[in-house]
Amino acid sequence: MTISDEQAKREHELVETVVDSFADAPDERLKLLMQSLTRHLHAFVREVRLTEPEWNAAIAFLTAAGHITDERRQEFVLMSDVFGLSMQTVAVNNEAYANATEATVFGPFFTADAPLIENGGDISGSAPGEPCWVEGTVKDTRGQTVAGARIEVWEADEDGFYDVQYGDDRVAGRAHLFSDDAGEFRFWGLTPTPYPIPDDGPVGQMLAAVGRSPYRASHLHFMVTAPGFRTLVTHIFVSGDELLARDSVFGVKESLIKDFVAQPAGTPTPDGRELGEQSWTRTRFDIVLAPADVTTTP
Ligand code: BEZ
Ligand code: FE
């Protein structure tokens, strides 16, 4: 749509007036954020020639997001996730560094007080699902092993729910452990299965309106911390999962897709655990940590 020179001048003057209103902000970073946000928001309104009913619908959407948000449900983070803004923020803040493992979204289901397990222990607790043996190493970008790295792992059960979603204080499908003196770790978890992000609110309605699925590709969450290294928040994904190409929060990275190798019932387990008639899977995740406080590739 073309607009007259006079109309364009009026619209441009309004943008500059609003930008100028932030000129005296005492904090330079805040000033930059507010002025840039102003320019981008006005550019959007002008580009799409936003109608007043559309403006009203946007306000109603944000209001509904506010109403459904409480200590347990964070609709604004979900909104950020489905727009890919969470992943873009992860990308900006975890710049590629040598062969360091890629980061991905944190998600809403981490808890800080997950139980400690020994190497070789089981994170699943009472959570239902097919057992999965996970093993790997933690190394730095020069290949030196990192002993004593704290590894937090969490995942949904085979019904697609995290323990915290049951609202009954159960702790299952999560734990923390430490890499051993050889930088190795191993544990039993569950073979990841796909599940939808919470879609009974305005974000779910928006996804339905645009014909997008709320499903996430099957994954297992990791957060790895060690002194002197950049904290790694990531997942591993299951190769062959048909949802890999359309994860609802854009979290999939090629480097994080792993083979979860099927083991028929009766296959001997790595630690001698007896699983009877139960099939299981096994996977490997070798983690490479970037040094702390690095922003560019050497
Ligand atoms: C998750 O991986 O658990 C998750 C991530 C983003 C939004 C909802 C759930
Ligand atoms: Fe998840």
#### Entry: Number of the exception - residue 149 against (1) open to solvent by less than 10 Å² (accessible area, probe 1.4 Å); (2) more than 15 Å from ligand 1 (Cβ to nearest atom); (3) among the small types (Gly, Ala, Ser); (4) farther than 26 Å from residue 271 by Cβ
(4)
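Is there a residue in segment 45-57 that is under 27 Å from the mean Cα position of the chain (by Cα) and at pLDDT 95 or above?
Our first condition is that a residue be under 27 Å from the mean Cα position of the chain (by Cα); within segment 45-57, this holds for none.
No, every residue in segment 45-57 fails to be under 27 Å from the mean Cα position of the chain (by Cα) and at pLDDT 95 or above.
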### Query
Looking at residue 80, is it part of a helix (DSSP H, G or I), among the hydroxyl-bearing types (Ser, Thr, Tyr) and out of contact with any strand residue (DSSP E or B) (no Cβ under 8 Å at 6 or more places or on another chain)?
yes
### Message
Test of understanding: among 157, 140, 122, which residue is of a type in the set (Asp, Glu) and within 16 Å of ligand 2 (Cβ to nearest atom)?
### Response
157
### Query
How many residues are β-branched (Val, Ile, Thr) and in contact with an Asp or Glu (Cβ under 8 Å, 6 or more places away or on another chain) if we restrict to segment 233-256?
2
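For the condition within 16 Å of ligand 1 (Cβ to nearest atom), within 24 Å of residue 70 (Cβ to Cβ), touching an Asp or Glu at 6+ places or on another chain (Cβ under 8 Å) and free of Cβ contacts under 8 Å to residues at least 60 places away in the same chain, what is the one hit in 156, 217, 172? First the steps, then the outcome.
Numbers: 156 fails: touching an Asp or Glu at 6+ places or on another chain (Cβ under 8 Å); 217 fails: within 24 Å of residue 70 (Cβ to Cβ).
Every option except 172 fails the conditions.
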### Query
In the set 174, 212, 142, 170, which member is among the basic types (Lys, Arg) and either open to solvent by less than 10 Å² (accessible area, probe 1.4 Å) or touching a strand residue (DSSP E or B) at 6+ places or on another chain (Cβ under 6 Å) (or both)?
174
#### Entry: The lone exception for residue 189 - which of (1) away from ligand 2 (no atom under 11 Å from the Cβ); (2) surrounded by fewer than 22 Cβ atoms within 10 Å (Cβ to Cβ); (3) not charged (D, E, K, R) it fails
(2)
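Need at least 3 residues that are of a type in the set (Phe, Trp, Tyr) per element, so show me which helices (runs of 4 or more DSSP H) inside segment 1-72 make the cut, counting only ones lying wholly within it. Outline the logic, then answer.
On the way: elements: 5-20, 28-48, 52-68.
Helices (runs of 4 or more DSSP H) meeting the threshold: none at all.
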### Message
Step by step: first the residues of segment 64-111, then only those that are among the acidic types (Asp, Glu) and more than 14 Å from ligand 1 (Cβ to nearest atom), then the one that is nearest to residue 289 (Cα to Cα). Which residue is that?
### Response
102
### Unmet requirement for residue 72, which otherwise passes all of (1) surrounded by 11 or more Cβ atoms within 10 Å (Cβ to Cβ); (2) under 34 Å from the mean Cα position of the chain (by Cα)
(1)
### Message
Restricting to segment 242-291, name every residue that is charged (D, E, K, R) and surrounded by 15 or more Cβ atoms within 10 Å (Cβ to Cβ).
### Response
247, 253, 258, 282, 284
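Going residue by residue through segment 110-129, is there one that turns out to be of a type outside the set (Ser, Thr, Tyr), open to solvent by 40 Å² or more (accessible area, probe 1.4 Å) and over 23 Å from residue 287 (Cα atoms)?
Keep residues of segment 110-129 that are of a type outside the set (Ser, Thr, Tyr), which gives 110, 112-123, 125, 127-129.
With open to solvent by 40 Å² or more (accessible area, probe 1.4 Å) added as a condition, the list becomes 110, 112-113, 115-116, 118-119, 122, 125, 128.
Cutting the leftovers down to over 23 Å from residue 287 (Cα atoms) gives us 125, 128.
Taking every residue of segment 110-129 in turn, at least one turns out to be of a type outside the set (Ser, Thr, Tyr), open to solvent by 40 Å² or more (accessible area, probe 1.4 Å) and over 23 Å from residue 287 (Cα atoms).
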### Query
What number of residues in segment 91-108 are open to solvent by 30 Å² or more (accessible area, probe 1.4 Å), in contact (Cβ under 8 Å) with a residue 60 or more places away in the chain and of a type in the set (A, V, I, L, M, F, W, C)?
3
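The values are calculated or read from the model by the stated rules, or taken from the named source; none is laboratory data. Quick caveat: nothing in here was measured; it's all calculated off a predicted structure. As a convention, Cβ positions derive from the backbone with ideal geometry for all residues, glycine included, and neighbour counts pool all protein chains shown. These accessible areas exclude ligands, DNA and RNA; they are computed on the full protein's heavy atoms, side chains included. Shrake-Rupley method; radii C 1.70, N 1.55, O 1.52, S 1.80 Å.
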